[in-house]
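Heads up: the structure comes next, in structure tokens.
The values are calculated or read from the model by the stated rules, or taken from the named source; none is laboratory data. All figures in this text were calculated on a predicted structure; none of them were measured in a lab. Cβ placement follows ideal geometry from the backbone for every residue including glycine, while neighbour counts extend to all protein chains displayed.
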Ligand SMILES: [Zn+2]
Ligand SMILES: [Zn+2]
Ligand SMILES: [Zn+2]
């Protein structure tokens with residue numbers, strides 16, 4: 001499963017970030033805490049690969065706004081739905 005998102009200058013992606021109570025985008029990659037690097041989310045979306053439990057890249061691309069799911073089918077995170085991500089998704093899936 002791959003998803004479309006934005007990489008941050010700290011080296012982590014959308015799914016490792018959350019908005020704090022001041023509306024600021026903060027990294028939670030370090031077990032829920034900031035990784036300590038400077039966070040500036042990049043505007044250009046990219047296809048970020050994910051891997052199955054055996055380490056194989058998974059081809060299916062998640063629809064923007066859908067989430068990664070646990071094995072029981074619960075959506076745990078939601079991917080970005082901005083115009084850039086939507087456009088990239090259209091581009092990939094129409095190729
Ligand atoms: Zn980070
Ligand atoms: Zn960051
Ligand atoms: Zn986006």
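Can we say residue 4 is loosely packed, with under 14 Cβ neighbours inside 10 Å and not in a helix (DSSP H, G or I)? Before you say what the answer is, go through the steps one by one.
Working: loosely packed, with under 14 Cβ neighbours inside 10 Å: no; not in a helix (DSSP H, G or I): yes.
Spelling it out, it is not the case that residue 4 is loosely packed, with under 14 Cβ neighbours inside 10 Å and not in a helix (DSSP H, G or I).
Given the options 18, 77, name the one that is assigned to a loop (DSSP other than H, G, I, E, B) and within 13 Å of the chain's Cα centre (by Cα).
Of the residues listed, the single one that is assigned to a loop (DSSP other than H, G, I, E, B) and within 13 Å of the chain's Cα centre (by Cα) is 77.
Select from segment 21-42 the residues that are in a loop (DSSP other than H, G, I, E, B) and modelled with pLDDT under 85 and list them in ascending order.
The answer is 23, 24, 42.
Conditions first: (1) at positive phi; (2) modelled with pLDDT of 90 or more. Residue 82 passes all but one, so which condition is the exception?
All conditions pass for residue 82, except number (1).
If we scan segment 50-69, do we find a residue that is within 16 Å of ligand 1 (Cβ to nearest atom), closer than 27 Å to residue 91 by Cα and either assigned to a loop (DSSP other than H, G, I, E, B) or modelled with pLDDT under 85 (or both)? Walk me through how you get there before you give the answer.
Here is the first cut: in segment 50-69, the ones within 16 Å of ligand 1 (Cβ to nearest atom) are none.
The answer is no, given that none of the residues of segment 50-69 is within 16 Å of ligand 1 (Cβ to nearest atom), closer than 27 Å to residue 91 by Cα and either assigned to a loop (DSSP other than H, G, I, E, B) or modelled with pLDDT under 85 (or both).
For segment 39-61, how many residues meet the condition of being touching a residue at least 24 places away in the same chain (Cβ under 8 Å) and touching a strand residue (DSSP E or B) at 6+ places or on another chain (Cβ under 9 Å)?
So the count comes out to 16.
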